[in-house]
Every structure is written in C-alpha cells, then in structure tokens.
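Since the structure comes first, as structure tokens, the remarks are kept for the end.
The values are calculated or read from the model by the stated rules, or taken from the named source; none is laboratory data. Values in this document were obtained by computation on a predicted structure and should not be read as measured data. Ideal geometry is used to build each Cβ from the backbone, glycine not excepted, and the neighbour counts take in all protein chains shown. Remember, those area values only see protein heavy atoms, side chains included, never the ligands or the DNA or RNA. Shrake-Rupley method; radii C 1.70, N 1.55, O 1.52, S 1.80 Å.
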Amino acid sequence: MKEMKTISVKLNKLDKEEYLQLLKEASLLFNYYTTWAYKIKSYNKGQCHKENYFKVQELFPNIKTALVQSIRDNALESVKSRKFKCKQPIKKETSGLRLDKRAITIRGNQVTIIGKSKRHKEILHIPEIHKEIFESWNFKMATLTYQKKKNQFWLNLVFQNPEEVVEKPIKSSQEIVGIDRGLYHLAVTSDRQFFSASETRKQRRKYLHVKKTLQQKGTQSAKRKLKSISGKEKRFMKDVNHCITKSLANNPQYNMFVLEKLTNIRNKRKGKKLNKLLSNWSFYQFEQFLTYKAEALGKQVVYIDPHYTSQKCSNCGDTNKTSRNKSQYKCKSCGYFEHADINASINIKRDYTISIAQLESMEQAKSQLAECEGSCIRSQAPTPLG
Ligand SMILES: [Zn+2]
C-alpha cells in the first residue's frame, strides 16, 4: 500500500479574474466531454481525442492543449467510474480543476500552473506540519479550487509516500499503549511514561494572566499585544506537541496508540477551571501530530469513549467517583493504589483491547453459526438416487 496525503496551500498572487474565467471554461469543456461520452456510450480516450480534437480547438481556443488533455482524461475517468449507471457528471462554473503533471510543476517551493495566456508562478508557503511530506514525498497531482465566500484560490497538492507502508500487525497487547492526556501531565502512558507539563503550565498561566490584564485594558495597543501573545503561546504549545508526539511515535515498543475521543474530554472529565485553561486546539493538534507521525511508520492511532476512564479502577473495574483524589487513585472497593493518570491510561488501553476482543468473539460466533447453518442445510439435502 502506498500512502497518499493532500496538502492545501493558499494561492495569494493568482490573477483571480483570469483563473475564474479559466475554471468556467474548463467546466464547460469537462461537460462537453461527458456529454459526448454519454451520447455515444464510450469512455475511450483515443476515440474521444480523434472525434473531438478540431471541434474542441474551435470551441475552446483559450484552453491550452496540455490542459485540454488533462480535462479530457479527468472527464472520461469520471464517466468510466460510473459505467453509465448514474447521471452524467456535470461541473459547475467554479468547480475545482484537476491539474496533472502536464499542467502543474513544482520545483523547490515554486509552483508553476498553466493559465490562459502564460503560466502562473508563485512561491508556496507550506505549513510547518506538512513540510516533511512536501519535501520528501512524490508529488502526483493537484486540484485548483476556489472558495467563493473568501474570494480565495487554493491548491490541494496530492503526494505519495515513496516508501511502501505496510500496516504492522499487532503481535501482542504489549505493543498497544494507552495515553491519558491532561493539564498536569500532558501525556501519561499505560507503561508509566510521564510527559510532564510543569514548564508548559507555568508558561500558560503566565500567558493567561497577561491576557486577562490586556483584555481588561481594551485599548488598541493592548489588542495588538494580545494578538502577539496568542501567537507566541501557539508556537510554544506546537513545539511541545511536536516533541512529545515524536518521542511516542518513534518508540519501537509501540505499534498502536489508544487515545480518548477528544470531543467529550472538555465537559465531562475535567473541572470547570481546568476546562478554561485547556484549549481545544492544542489537544486536537496533539492528535494530528501523533497520527501523521505514527502513520508514516505504519503504526495506528485509535480512539475510545472517555467515559469513566479516570473513575474506574483498573484493577477490579469498580467505578467510584470518590476513588480518585487529585493525582492519586485509591480504589474504595479493592484497595488498589496507583497514580491517577496511570490508572486512567491503563483503562484507556484496556477499554480498547476489550472492545477488540468482543468484536473478535462476535465475528467468531457469527462464522461458527454460518458454518453450522451450512452443514445443517447440507445434511438435510436429499441424497441423490443412484
Ligand atoms: Zn479496585
């Protein structure tokens, strides 16, 4: 399996009018080809080229040959995928335009895109998170899209991993690691690794304090300062997230990472004050970073429902709110004693392995049932006379 990834980049220097016109004409040409294909019930590229070459030149004199070919292939492929079983594919005026290597080239950070008259050149600003892929993976194709609301053109670049990524089979539950995330420790693993956040906490509290005072001031310069501080804070958290996820993903002992589903974390598990401190994007960023770093190595990130992961005893399964006291977990039922975050991360791992085991036994039961039914039918079938 070769992995593909799409990177979206804003185009800031494009002549918008020219390219809007190009999108429009390209859509008309696309529709021209699909109409032809549906009329004669064929998606053969050679035949299509032969029958339409001169007519297309006459009807669409502004579209360069390389782009004509690209649009033709795209149109015929989308007809082929439907096999005439559903409606003819039709593009709207501002639909995205697929660009293959005939129509777009990338050299270093510079992109060259086919246009109506001459090619458009622009230096791309690749987001930090995508740089690794942009620089080392193979560029395959792109789509030029237009965002009406913001009057903005985007380029979606598709890259392919040059290395075959084989999803590593999980050999034992030891390769699965549960990760509990919180404010006190940004990440705690089920095998007792702590990623402390004391420095982060200090920084964030500082930022929070400064922010509050600035917000109260409310002057222009305070607003400017506020903006610059929030930028600083973001960069700081990003570094921290990069650092932790790198160390986790690269750990050869782990092949699968189990996290709690983010959406419920904020409201259910943490208190009001922590909720305030906790910013959603940094948790989300952690997931994004871990996912792309893990997947590049053929590892997986999976999620579980966060219900009771911090209240449940990882030894006896008893759920009692009062068993957890800040960073300590002492089970009211069996007396088990553990660091609260480790208890939670063990639960996270266990919840996942249990759900997998249940799924497997269900599948097994199903296939046994099917087998039994099959043999029952066979045994009931009348034996042929002879
Ligand atoms: Zn217990």
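Quick look at the values:
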item	result
Index of the failed condition, Glu25 passing every other in (1) in a helix (DSSP H, G or I); (2) modelled with pLDDT under 90	(2)
Cross-chain or 6+ apart pairs with Cβ under 7 Å, segment 212-228 first and on the phi > 0 side of the Ramachandran plot, then open to solvent by less than 100 Å² (accessible area, probe 1.4 Å) and modelled with pLDDT of 85 or more	none
Selection from segment 7-59 of residues that are basic (Lys, Arg) and farther than 23 Å from Gly96 by Cα	Lys39, Lys41, Lys50, Lys55
Tyr43 assigned to a helix (DSSP H, G or I), of a type in the set (Phe, Trp, Tyr) and open to solvent by 50 Å² or more (accessible area, probe 1.4 Å)	no
Neighbours by Cβ (under 7 Å, 6+ apart or cross-chain): first from segment 58-72, at pLDDT below 95 and outside any helix (DSSP H, G or I); second open to solvent by 60 Å² or more (accessible area, probe 1.4 Å) and among the small types (Gly, Ala, Ser)	none
Residues being in a strand (DSSP E or B) and either open to solvent by less than 60 Å² (accessible area, probe 1.4 Å) or away from the ligand (no atom under 16 Å from the Cβ) (or both) - total across segment 330-353	2
Matching residues, segment 200-248, being open to solvent by 60 Å² or more (accessible area, probe 1.4 Å) and not in a helix (DSSP H, G or I)	Thr219
Cβ-Cβ under 6 Å pairs, at least 6 apart or on other chains, segment 1-28 side farther than 22 Å from Pro127 by Cβ and of a type in the set (S, T, N, Q), far side open to solvent by less than 50 Å² (accessible area, probe 1.4 Å) and outside any helix (DSSP H, G or I)	Ser27/Lys91; Ser27/Ser95
Among (1) in a loop (DSSP other than H, G, I, E, B); (2) within 25 Å of Gln300 (Cβ to Cβ); (3) open to solvent by less than 50 Å² (accessible area, probe 1.4 Å) - the single one Ile126 does not satisfy	(2)
Any chance Val9 is among the hydrophobic types (A, V, I, L, M, F, W, C) and assigned to a helix (DSSP H, G or I)	no
Whichever residue in segment 302-329 is among the charged types (D, E, K, R) and near the ligand (Cβ under 9 Å from one of its atoms) and, among such residues, is surrounded by the fewest Cβ atoms within 10 Å (Cβ to Cβ)	Asp318
Matching residues in segment 129-150 - criterion: being open to solvent by less than 30 Å² (accessible area, probe 1.4 Å) and at pLDDT below 90	Ile133
